[in-house]
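Trainee: Quick one: structure below, then a few questions.
The values are calculated or read from the model by the stated rules, or taken from the named source; none is laboratory data. Being a predicted model, the structure only gives us computed values, none of them experimental. We place every Cβ from the backbone using ideal geometry, glycine too, and count neighbours over all the protein chains shown. These area figures cover heavy atoms from the full protein model, side chains too; ligands, DNA and RNA do not enter into them. Shrake-Rupley method; radii C 1.70, N 1.55, O 1.52, S 1.80 Å.
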Amino acid sequence: MRLSKMHLKTLREVPAEAEIPSHILMLRTGMIRKLASGVYGFMSLGWRTIRKIENIVREEMDAAGSQEIHMSAIQPAELWQESGRWDAYGPELWRIKDRHGREFCLGPTHEEIFTDIIRNDVSSYRQLPMNLYQIQTKYRDEARPRFGLMRSREFIMKDAYSFDRDDEGLDRSYREMYEAYEKIFTRCGLKFRPVEADNGAIGGSNSHEFTAISEVGESEIAYCEHCSMAATVERAECRDAEPQDDVEMLPMEEVHTPGTKTIEEVSEFLGIDQKSTIKALLFVTYDIEGKEAGYVAAFVRGDRELNMTKLVNALGIPEHAIEFADEEKMGEATGCVGGFTGPTKLHDCTIVVDSELPGLKNLCAGACKVDHHLINVNYGRDYEGDIVTDIKILAEGEPCPVCGAPVKHARGIEVGQVFKLGTKYSESMKAYYKDENMKDHPIVMGCYGIGVTRTMAAVIEQHHDENGIIWPMSVAPYHVIITVMKPDDEIQAGVAEKIYGELLAGGAEVLLDDRKERPGVKFKDADLLGIPIRITVGRGAAEGMIEYKMRRDADKTEMTVEEGIKQALETISEEK
């Protein structure tokens, strides 16, 4: 492609709306074009990279035995109502109506559609296992779209669905997809880590998230360097403190603690460790119609942080159905007191107690009375929970739940996730198969997603410098850029055309910068666009010499035209 003929608009200034490198660079290179908040179109260079990522996905999915199909993004509400997700999915589900008032949604995912296909087309165990996938535009009505393609309202995703006879078959399908994902992200040039993850709105029994390591990622993972434990912070289990079985319970007492609303203030006032206190967090929940359903009081050790994902899972409600309560309003109904709430005097609310607290003795908690706390509070004698489970965050430095070594944290970008759905959808939507004895069984399902557009952003986050993108060869929009210093010079133009023609004939994808621009502009654009190989045709052209440079390297090498062509083709063959 000749740059003089190409639609290319690069920016020198950083766009005001962009906060992270991938968003900045995709806008500066003209790879994407903003249409509305969280909605982007793709220009030529961006679309070429998207197609390359899609083709890598296709090749590995096909090799793993999956079959590609393509379904509509518009989905009828009836299927979502069958699965129970029409109300449960929440406000991110983009709902629409046609002219007849029939309800639809713009699909954020396709479990219902694929389950409907299989229940209509599969009836016998002989037709299983089966794995179907698609690469398609998805929609989620994000409340706060940001970071460009990282959290957008429209995005491209590969979603696959496996259908098996039993759990053993699901395990095999899950492993095949897991291994395919490792190959896909490796080929895309990503440094990534598979970690245990929460199932969220998809549901199911088990899940792994593929996380591209990046400081700008919204996903936080906890991992251990001494064993294989790795999980998102939302999913990571915590090791409870050792139970204080040999400690005697002391009489509970009420103490005056004026103005001490925080754990830090009360522990300092009483001269006790924060680990000897109980922290209260107060919430209101809503039903599927958005009406208040009740109140929740969650309690963790004072130095701990509440894990909201674990809390909503314990309550069995979606994330959108809970928020922090108005303390005054909740106080009228339950007896809580803002800043001084404890578990001993509450009523008419669900009390959720972290699994660590029952084993600890003589703790300090709010007295549900202004400016007062209780000391020597003990579980079983003084209070009980409606739900007792792990609801705390595994903090950095805490003991690994597997081996006990200190846990580390890292940030990352979720680029893919695999789920064991089990029979969640097949039972609710009656997708059954008949076994050898003509007995009906629910089909056992898995689902497997890859964010194609998010993968492109993740690649840029990991592969850039202060001058621009540094594309891995496998997903670069072009392999080589030929920079002609003086396009009007017949010798330079002739040498550039020779290199251009021979590289194209050898299967390379080539940009020829034949624009009548200053050399400095061309070099800046070449670095910004991040094409892996740059061949510069300048004053040495008369002697048959060119300058050869890899975008990722600082060094330039002078070589003959023939050597440059050979080196480029060999490098492309090795790395793409």
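Let's see how each residue does on (1) among the hydrophobic types (A, V, I, L, M, F, W, C); (2) at pLDDT 95 or above:
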site	(1), (2)
Ile499	yes, yes
Leu503	yes, yes
Glu509	no, yes
Lys516	no, no
Arg534	no, yes
Gly540	no, no
Glu563	no, yes
Glu570	no, yes
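Trainee: Are any residues in segment 12-39 open to solvent by 20 Å² or more (accessible area, probe 1.4 Å) and within 16 Å of Arg144 (Cβ to Cβ), and if so, which ones?
Mentor: Those that are open to solvent by 20 Å² or more (accessible area, probe 1.4 Å) and within 16 Å of Arg144 (Cβ to Cβ): Glu17, Glu19, Lys34, Ala36, Ser37, Val39.
Trainee: Looking at segment 547-566, I want the residues that are open to solvent by less than 70 Å² (accessible area, probe 1.4 Å) and have a partner that is assigned to a loop (DSSP other than H, G, I, E, B) and of a type in the set (Asp, Glu) with Cβ atoms under 9 Å, at least 6 apart or on another chain. Which pairs are those?
Mentor: Short answer, once both residue conditions are applied: Lys549/Asp555.
Trainee: Would segment 523-530 turn up any residue that is in contact with a helix residue (DSSP H, G or I) (Cβ under 9 Å, 6 or more places away or on another chain), assigned to a strand (DSSP E or B) and buried (at least 23 other Cβ atoms within 10 Å of the Cβ)?
Mentor: The first filter runs over segment 523-530 and keeps only residues in contact with a helix residue (DSSP H, G or I) (Cβ under 9 Å, 6 or more places away or on another chain), leaving 525, 528-530.
Next, only the ones that are assigned to a strand (DSSP E or B) stay: none.
No, segment 523-530 contains no residue that is in contact with a helix residue (DSSP H, G or I) (Cβ under 9 Å, 6 or more places away or on another chain), assigned to a strand (DSSP E or B) and buried (at least 23 other Cβ atoms within 10 Å of the Cβ).
Trainee: Consider Asn131 against the criteria (1) part of a helix (DSSP H, G or I); (2) of a type outside the set (A, V, I, L, M, F, W, C); (3) surrounded by fewer than 21 Cβ atoms within 10 Å (Cβ to Cβ): it satisfies all of them except one. Which criterion is unmet?
Mentor: Among (1) part of a helix (DSSP H, G or I); (2) of a type outside the set (A, V, I, L, M, F, W, C); (3) surrounded by fewer than 21 Cβ atoms within 10 Å (Cβ to Cβ), Asn131 violates only (1).
Trainee: Which number in (1) within 23 Å of Ala405 (Cβ to Cβ); (2) of a type in the set (A, V, I, L, M, F, W, C); (3) in contact with an Asp or Glu (Cβ under 8 Å, 6 or more places away or on another chain) marks the one condition that Phe299 misses?
Mentor: Phe299 satisfies all of (1) within 23 Å of Ala405 (Cβ to Cβ); (2) of a type in the set (A, V, I, L, M, F, W, C); (3) in contact with an Asp or Glu (Cβ under 8 Å, 6 or more places away or on another chain) except (1).
Trainee: Filter segment 507-522 down to the residues that are open to solvent by less than 10 Å² (accessible area, probe 1.4 Å) and under 14 Å from Thr29 (Cα atoms) and list them by number.
Mentor: Lys522
Trainee: Another question, if that's okay. Of the conditions (1) touching a residue at least 60 places away in the same chain (Cβ under 8 Å); (2) farther than 24 Å from Ala236 by Cβ; (3) assigned to a strand (DSSP E or B); (4) of a type outside the set (Lys, Arg), Val300 fails just one. Which one is it?
Mentor: Failing condition for Val300: (2).
Trainee: Pick out the one residue from Gly446, Gly422, Gly404, Gly412 that is over 27 Å from the mean Cα position of the chain (by Cα) and within 29 Å of Glu220 (Cα to Cα). Step through it out loud before you land on a result.
Mentor: Numbers: Gly446 fails: over 27 Å from the mean Cα position of the chain (by Cα); Gly422 fails: over 27 Å from the mean Cα position of the chain (by Cα); Gly412 fails: over 27 Å from the mean Cα position of the chain (by Cα).
Just a single option satisfies the conditions, and that option is Gly404.
Trainee: Further question: Of the numbered conditions (1) assigned to a loop (DSSP other than H, G, I, E, B); (2) open to solvent by less than 40 Å² (accessible area, probe 1.4 Å); (3) among the hydrophobic types (A, V, I, L, M, F, W, C), Val216 satisfies every one except a single condition; which is it?
Mentor: Status for Val216: all satisfied but (2).
Trainee: Something else about it: Test Cys447 against the stated conditions and say whether it is of a type outside the set (Phe, Trp, Tyr), part of a strand (DSSP E or B) and either open to solvent by 10 Å² or more (accessible area, probe 1.4 Å) or touching a residue at least 24 places away in the same chain (Cβ under 8 Å) (or both).
Mentor: Working: of a type outside the set (Phe, Trp, Tyr): yes; part of a strand (DSSP E or B): yes; either open to solvent by 10 Å² or more (accessible area, probe 1.4 Å) or touching a residue at least 24 places away in the same chain (Cβ under 8 Å) (or both): yes.
Yes; evaluated as a whole, the condition is true for this residue.
Trainee: Mind listing whichever residues of segment 254-288 are crowded, with 18+ Cβ neighbours inside 10 Å, hydrophobic (A, V, I, L, M, F, W, C) and assigned to a helix (DSSP H, G or I)?
Mentor: Those that are crowded, with 18+ Cβ neighbours inside 10 Å, hydrophobic (A, V, I, L, M, F, W, C) and assigned to a helix (DSSP H, G or I): Ile263, Val266.
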